[in-house]
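Accompanying notes for the structure given below.
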Amino acid sequence: MSENRRAAVLGSPIAHSLSPVLHRAAYRELGLTGWTYGRFEVNETGLPDFFKHLGEDAGPAWAGLSLTMPLKRAVIPLLDEISDTAASVEAVNTVVFGDDGRRRGDNTDIPGMLAALRERGVGRVERAAVLGAGATASSALAALSRICDGEVTAYVRSQARAAEMRQWGERLGVAVRTADWGDAAGALGAPLVIATTPAGTTDALAAAVPDRPGALFDVLYEPWPTPLAAAWAARGGSVVGGLDLLVHQAVLQVEQMTGRAPAPLAAMREALAAH
């Protein structure tokens, strides 16, 4: 691997991304002084052209890319191969460029979720609930397929979304039951609740947190804490947040892109806190 390499995060919008903070901190800690990490505003329409022109300038060779929405599925046709984990949810958030020029896609969100949960002492659970039904919800189901022994109830807003979640459950080997979003307060009694919805969506549920809650994984990190997470913590429940996920999935990306493991989790977390 050459001394000077570059990587970046792509997405739209992208200005808010904290990935550069994490990856640059890792490079500093690992002594990779010739490595750089940038960000590029790229949408689904512009992604093929971005890939077409990769490496045409005289800059350092590309090591890898981080992908955020809306590119996680759009990138798949542009790759030479994807991991089983990425294929299981049809979503790629990590591209690594091999020395042979091959482009390999992976999904570090799923193992990142599991690592974030383990760090907070959440292991196997007898059942779980998922709030929402978007792309992150399918990753949540994939993570739950590895730690949940029983049924997962998904709370959704439409019959179409309900059907999608049941299909993902069948594909991932998870027993999924769907329920209407109007009954979402019923999710809060589960041993593990994973909230995958946009900011503000779960605010009204804060008043319904039980007296002895289990664990909550709220994938948001801005604003933080969410009203639901704050109410959960106030009642003594374990809370895992979006920044936990962000750090752990980035750790796995750094390891894949640099070939150096373990990645410096503590230094990356410190940089995030300082930022």
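The values are calculated or read from the model by the stated rules, or taken from the named source; none is laboratory data. Bear in mind the structure is a predicted one, so any value in this text is a computation, not a measurement. Backbone-built Cβ (ideal geometry, glycine too); neighbour counts: all protein chains shown. Note: areas computed on protein heavy atoms with side chains; ligands, DNA, RNA excluded. Shrake-Rupley method; radii C 1.70, N 1.55, O 1.52, S 1.80 Å.
Roughly how many Å² of ARG161 are accessible to a 1.4 Å probe, to the nearest 10?
Rounded to the nearest 10, that gives 100 Å².
Considering only the other residues whose Cβ falls under 15 Å of the Cβ of TRP168, what net charge follows from Lys and Arg at +1 and Asp and Glu at -1?
Computed value for this residue: +2.
Give me the angle, in degrees from 0 to 90, between the Cα long axis of helix 135-147 and the longest principal axis of the Cα atoms of the chain, rounded to the nearest 10.
Helix 135-147 sits at roughly 70 degrees to that axis.
Give the calculated FRET efficiency between HIS275 and ASN4 to the nearest 0.05, with a Förster radius of 25 Å applied to their Cβ-Cβ distance. Each step should come with its number before you reach the end.
Working: r = 25 Å, r/R0 = 0.99.
My answer for the efficiency is 0.50.
Around GLY237, under 12 Å between beta carbons, what's the net of Lys plus Arg minus Asp minus Glu among the other residues?
Net local charge, GLY237 excluded: +1.
Under 13 Å from the Cβ of ARG103, count the other residues' Cβ atoms, weight Lys and Arg +1, Asp and Glu -1, and hand me the total.
Details: positive: LYS52, ARG102, ARG104; negative: ASP80, GLU81, ASP99, ASP100, ASP106.
Overall, the nearby charge balance is -2.
Using unit Cβ charges (K, R positive; D, E negative) and no other charged atoms, how large, in debye to the nearest 20, is the dipole of the stretch 110-240 about its Cα centre? Walk me through the numbers on the way to the answer.
Numbers: 12 positive and 12 negative charges, 50 e Å.
Rounded to the nearest 20 debye, it is 240 debye.
Report the FRET efficiency, 1/(1 + (r/R0)^6), for GLU119 and ALA175, where r is their Cβ-Cβ distance and R0 is 30 Å, rounded to 0.05.
Computed FRET efficiency for GLU119 and ALA175: 0.70.
Got a sec? What order do HIS248, HIS23 fall in by accessible area at 1.4 Å, biggest, i.e. largest, first? Write down the numbers at each step before the final one.
Numbers: HIS248 20, HIS23 0 Å².
Final ranking, largest accessible area leading: HIS248, HIS23.
Using only Cα atoms, find the angle between the long axis of helix 159-172 and the longest principal axis of the chain, and express it within 0 to 90 degrees, rounded to the nearest 10.
Value to nearest ten degrees: 70.
Only Cα pairs under 8 Å and at least 6 apart count here; give the relative contact order of the chain as a rounded whole percent.
It rounds to 17 percent for the chain.
Among LEU188, SER88, GLN249, whose Cα sits farthest toward the positive end of the charge dipole of the chain (+1 at Cβ of Lys/Arg, -1 at Cβ of Asp/Glu, about the Cα centre)?
The listed residue farthest towards the positive side: LEU188.
Mind grabbing the accessible area of TYR155 for me, 1.4 Å probe, Å², rounded to tens?
10
Taking R0 as 35 Å, what's the FRET efficiency between GLU56 and ALA160 from their Cβ-Cβ distance, rounded to 0.05?
Once rounded, the FRET efficiency stands at 0.25.
Restricting to DSSP H runs of at least four residues, report the calculated mean residue ellipticity at 222 nm for the chain, -39500 (n - 2.57) per run over all residues, nearest 500 deg cm²/dmol.
Computed mean residue ellipticity for the chain: -10500 deg cm²/dmol.
Suppose accessible area is computed on protein heavy atoms with a 1.4 Å probe; arrange ARG157, ARG235 from highest to lowest.
Working: ARG157 165, ARG235 95 Å².
Ranked list, largest accessible area first: ARG157, ARG235.
Quick one: putting +1 on the C-beta of Lys and Arg, -1 on the C-beta of Asp and Glu, what dipole do you get for the chain around its Cα centre, in Debye to the nearest 20?
Values: 25 positive and 30 negative charges, 64 e Å.
Roughly 300 debye for the chain.
To the nearest 10 square angstrom, how much accessible area does GLU126 have with a 1.4 angstrom probe?
Roughly 130 Å² of GLU126 is accessible to a 1.4 Å probe.
Indicate, rounded to the nearest 5 percent, the antiparallel portion of the DSSP beta bridges found entirely in the chain.
Roughly 15 percent of the beta bridges in the chain run antiparallel, per DSSP.
Note the listed values (i) 30; (ii) 22; (iii) 16, then indicate which one is percent of Cα pairs over 33 Å apart calculated from this particular structure.
Correct label, based on the coordinates given: (ii).
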